[in-house]
Every structure is written in C-alpha cells, then in structure tokens.
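Right, one structure below, let's go through it.
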Amino acid sequence: MDIKQIPSKDLKKADIFQQVILNPEKRKRYRPWSTVYKNSKREPSLFIGAYDKDKLIGIVFGFIKKSQILLGEMAVSEKYRSKGIGSKLITYFEKQSRKLNKKYIELGALGSAEKFYLKQGYQPLLFAQIPHNKVPKHYKKIGFEIIKETNYKDAKKLTIKVNKLDDRLKIKAKKDFNTDNVIYLFRKRL
Ligand SMILES: CC(C)(COP(=O)(O)OP(=O)(O)OC[C@H]1O[C@@H](n2cnc3c(N)ncnc32)[C@H](O)[C@@H]1OP(=O)(O)O)[C@@H](O)C(=O)NCCC(=O)NCCS
C-alpha cells in the first residue's frame, strides 16, 4: 500500500470514488466538483490517495481557509477498512498541513467516524447555526462556553467548547440555542 499526492489526471476519478462512499444517495453536493478542482490547483499537496498497486482505495481532500485547513472529505473503500489505512492517510495529511503555516485542521464528521477522529487526537467542538430571528435573548448566559461567534447574512454561527463527545450535550445545545442545526466539529492544533 502506497500513500501519495493524487496526480491531477486522476483527481476526477478520486472525486467520484469519494462521492460513491460519502454521498451514495446522490444528494445535491455541498462542495461541487468545480470547488474541488480549483482547490486542488491551488494546493495539490492536500489531495491524497491510498493505493493498492494502481487501485485507489482511500482518499483525503483538504481545503485552505483563513487560519485553518479544512479536512473536507475522507473515505476508505469498505473492503479495506479497519486495517489502519485511514490512520495512515490522516497522518500524511497532517504532515502536509504542517508545511502550510496554519493553526488548525478542522472537520465536520459523520456520526460513524466520530470515534475515528477522537482516536487520532482531534478535539470535539459543537458548532451551532441559528437563524437571526431565532437567536434566544440570553444565549451567552446559557452555560455553554462560546469560543467563536460569527454573524453571516442568514444566521449566527457559534463554536462551543466541550470536553467530550456526548450526544446528550448536542441535544441540550439544540434545545437551548433554539436550532436543529448543531453538529460536532473536530479540531487538531498543528
Ligand atoms: C472513517 C474511515 C475513513 C476510517 O478509515 P479506516 O481505514 O477504517 O481507519 P483505521 O483502520 O485507520 O482506523 C479504524 C478505527 O477507527 C474507528 N472507526 C473507523 N471507522 C469506523 C466506523 N465506520 N465506525 C466506527 N468506528 C470506526 C475504529 O475505532 C477503528 O478502530 P478498530 O479498527 O481498532 O476498530 C472509514 O471508516 C470510512 O471511509 N468510513 C466511511 C466514510 C466516512 O465516514 N468518512 C468520514 C467522513 S467525516
């Protein structure tokens, strides 16, 4: 097994590979192919593949943001899971990320992969998006430690410090902040 930067001629194939695993119902894409393509031109070192001989068996895609690197997509072929390939991909991704002088790697995880990121030393955070007209009056005094607050056109976005991964906390945050849009984010300092 070989881990390396994906050659640009293979990127479309790698994109289809991750779509089949991460978006099997073919919902509307959150990150269109044009964004993947543009970012791979800008920073190709963050588009990494695991290969068994010539066969692609895992990918990780990264995107440069202002102060952090977003780990956007990560997937390993079902047949090859739990053999340490995901760990090797993320370790290589972190090595490439360290060269880019950013503070963090950040990602939003699917429920099934949360344990994987914890094992890799990522710190969980809660991320809540609240439409402006639904923001509770005393949201700063609810008891959650808000470490970042940003106002977008449509909603207020809060990043909240937590000490552990706990679904009850997510449910409480949904109720207290009056929104269904609460997810766990994971972050590792570079
Ligand atoms: C998450 C993923 C990339 C991990 O790749 P991998 O090659 O299986 O990872 P590793 O073998 O290095 O590590 C596996 C460890 O992570 C955890 N883990 C990985 N996938 C898991 C899953 N689907 N459910 C529960 N735990 C999982 C386990 O603790 C596992 O340890 P174990 O093998 O001792 O049980 C892979 O499972 C995958 O592609 N899943 C489907 C897509 C996905 O969820 N991607 C992440 C999107 S945020």
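Observations on the model:
- Using alpha-carbon coordinates, inclination of helix 167-176 to the longest axis of the chain, degrees: 50 degrees
- Placing a pseudo-label 7 Å from each Cα along the Cα-to-Cβ vector at Leu118 and His132 gives an inter-label distance of 3.8 nm.
- Considered as an equivalent ellipsoid built on the Cα gyration tensor, segment 2-102 has semi-axes of 19, 17, 13 Å, the largest given first.
- Difference of contour (0.36 nm per residue) and Cα-Cα distance, Leu110 to Ile171: 20.3 nm
- Calculated [222 nm] ellipticity per residue, helices only, for the chain: -8000 deg cm²/dmol; basis is -39500 (n - 2.57) per DSSP H run with n ≥ 4, divided by all residues, nearest 500.
- At 0.692 mPa s and 37 °C, Stokes diffusion of the chain via Kirkwood alpha-carbon radius, µm² per second: 184 µm²/s
- Reciprocal mean inverse distance between Cα atoms of segment 74-140 - Kirkwood radius, Å: 14.8 Å
- The Gln5 and Lys148 beta-carbon pair, evaluated with R₀ = 30 Å, returns a calculated FRET efficiency of approximately 0.45.
- Our estimate of slack between Lys12 and Tyr30, defined as 0.36 nm per intervening residue step minus the Cα-Cα distance, is 4.8 nm.
- To the nearest ten degrees, helix 33-42 and the longest principal axis of the Cα atoms of the chain are 70 degrees apart.
- Once you reduce segment 121-190 and segment 77-110 to the center of their Cα atoms, the two points are 24 Å from each other.
- Distance violations [Cα-Cα > 31 Å] among Lys12/Lys65; Lys115/Lys140; Lys9/Lys161: Lys9/Lys161
- Burial order of peptide ranges 54-64, 168-178 (average beta-carbon count within 10 Å, highest first): 54-64, 168-178
- Span from the segment 31-45 Cα centroid across to the segment 1-16 one, whole angstrom: 12 Å
- Length gained on full extension, Lys140 to Lys157: 4.8 nm, using 0.36 nm per residue less the C-alpha separation.
Throughout, read-outs are computed from the coordinates displayed, never taken from laboratory work. Just so it is clear, the model here is predicted, and its values are computed rather than measured. Note that we place each Cβ from the backbone using ideal geometry, even for glycine, and neighbour counts take in every protein chain shown.
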